[in-house]
Amino acid sequence: DAGITQSPRYKITETGRQVTLMCHQTWSHSYMFWYRQDLGHGLRLIYYSAAADITDKGEVPDGYVVSRSKTENFPLTLESATRSQTSVYFCASRQGTNYGYTFGSGTRLTVV
Amino acid sequence: GIQVEQSPPDLILQEGANSTLRCNFSDSVNNLQWFHQNPWGQLINLFYIPSGTKQNGRLSATTVATERYSLLYISSSQTTDSGVYFCAATLGAGNMLTFGGGTRLMVKP
């Protein structure tokens, strides 16, 4: 199916473990983004990518790593998960700077 | 960075009523969008509207960029309209989409 998909939808992991959240889009959009949504903080940008092999930090990048070897994929890795990283993570894409953002369905991550 | 403020924070409507949600932003924006986050948590794009007026069924939106505000109109509300409505904007050609605090809407049957 066309669109932007995230996996998994739900994940429970233990403190200190590495976990990777996947994001895949079928539109060949240049830009991709990772946001986290927390009560009291709204949605905040973690990292974004303007093209394959180009990534940049957002508002809250600490504790996260991203890569973008292919245009369609933008995985987000928590190298050593902490409880403060319990959140709902949204991936988004946009075609260019004069286009809107489209969000995936989100991944609910719980770190215990 | 840009500030995005939404009002009202909470809204309760009877089914069939009309409503207007407001979004104020602190600076010139390049991208202005309205989203609906449904009770299942999905963020649905309603409008990409950096300026002007658009309509989609019972929903319409107007952005007056020179006065730094946008309005979302919901007519003949339905229970399925319940959820949180977010306004979000980027400053200039930037990529950091900044969200407002949202308006939580409950439509009662």
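Just checking: which of the strands (runs of 3 or more DSSP E) contained wholly in the stretch B:1-103 hold 2 or more residues that are surrounded by fewer than 16 Cβ atoms within 10 Å (Cβ to Cβ)?
By residue number, B:4-7, B:10-14, B:19-25, B:43-48, B:52-56.
Can you list the strands (runs of 3 or more DSSP E) found entirely within the stretch A:1-105 that contain at least 3 residues being in contact with a Phe, Trp or Tyr (Cβ under 7 Å, 6 or more places away or on another chain) and touching a residue at least 60 places away in the same chain (Cβ under 8 Å)?
Qualifying strands (runs of 3 or more DSSP E): A:31-38, A:87-94.
Just to be sure I understand, how many residues within the stretch B:60-91 are within 16 Å of residue B:106 (Cα to Cα), touching a strand residue (DSSP E or B) at 6+ places or on another chain (Cβ under 7 Å) and more than 14 Å from chain A (Cβ to nearest Cβ)?
Counting residues in the stretch B:60-91 that are within 16 Å of residue B:106 (Cα to Cα), touching a strand residue (DSSP E or B) at 6+ places or on another chain (Cβ under 7 Å) and more than 14 Å from chain A (Cβ to nearest Cβ) gives 8.
Among the residues of the stretch A:39-64, write down those that are surrounded by 14 or more Cβ atoms within 10 Å (Cβ to Cβ), of a type in the set (Gly, Ala, Ser) and within 11 Å of chain B (Cβ to nearest Cβ).
Correct list: A:42, A:49, A:50, A:58.
Pick out the one residue from A:7, A:67, A:84 that is under 28 Å from residue B:100 (Cβ atoms) and either open to solvent by 10 Å² or more (accessible area, probe 1.4 Å) or not hydrophobic (A, V, I, L, M, F, W, C) (or both).
A:84
For residue B:8, work out the one condition from (1) over 26 Å from residue A:96 (Cβ atoms); (2) within 14 Å of chain A (Cβ to nearest Cβ); (3) under 14 Å from the mean Cα position of the chain (by Cα); (4) not hydroxyl-bearing (Ser, Thr, Tyr) it doesn't fulfil.
(2)
Looking at A:36, A:17, which one is open to solvent by less than 80 Å² (accessible area, probe 1.4 Å) and either under 25 Å from residue A:81 (Cα atoms) or touching an Asp or Glu at 6+ places or on another chain (Cβ under 8 Å) (or both)?
A:36
Within the set of pairs 6 or more residues apart or between chains, which connect a residue that is in contact (Cβ under 8 Å) with a residue 60 or more places away in the chain inside the stretch B:1-24 to a residue that is among the acidic types (Asp, Glu) and part of a strand (DSSP E or B) with Cβ atoms less than 9 Å apart?
Listed by first residue and then by second, the contacts come to B:23/B:5.
Is it the case, given these coordinates, that residue A:109 is more than 10 Å from chain B (Cβ to nearest Cβ), in a strand (DSSP E or B) and surrounded by 15 or more Cβ atoms within 10 Å (Cβ to Cβ)?
So residue A:109 fits the description; yes.
Could you run through the stretch A:70-81 and say how many residues are buried (at least 16 other Cβ atoms within 10 Å of the Cβ) and among the small types (Gly, Ala, Ser)?
Selection size over the stretch A:70-81: 1.
The values are calculated or read from the model by the stated rules, or taken from the named source; none is laboratory data. The structure presented is a predicted model; accordingly, all values stated were derived computationally and were not measured. Here Cβ is always computed from backbone atoms with ideal geometry, including for glycine, and neighbour counts include all displayed protein chains. Heads up: the accessible areas ignore ligands, DNA and RNA and are worked out on the full protein's heavy atoms, side chains in. Shrake-Rupley method; radii C 1.70, N 1.55, O 1.52, S 1.80 Å.
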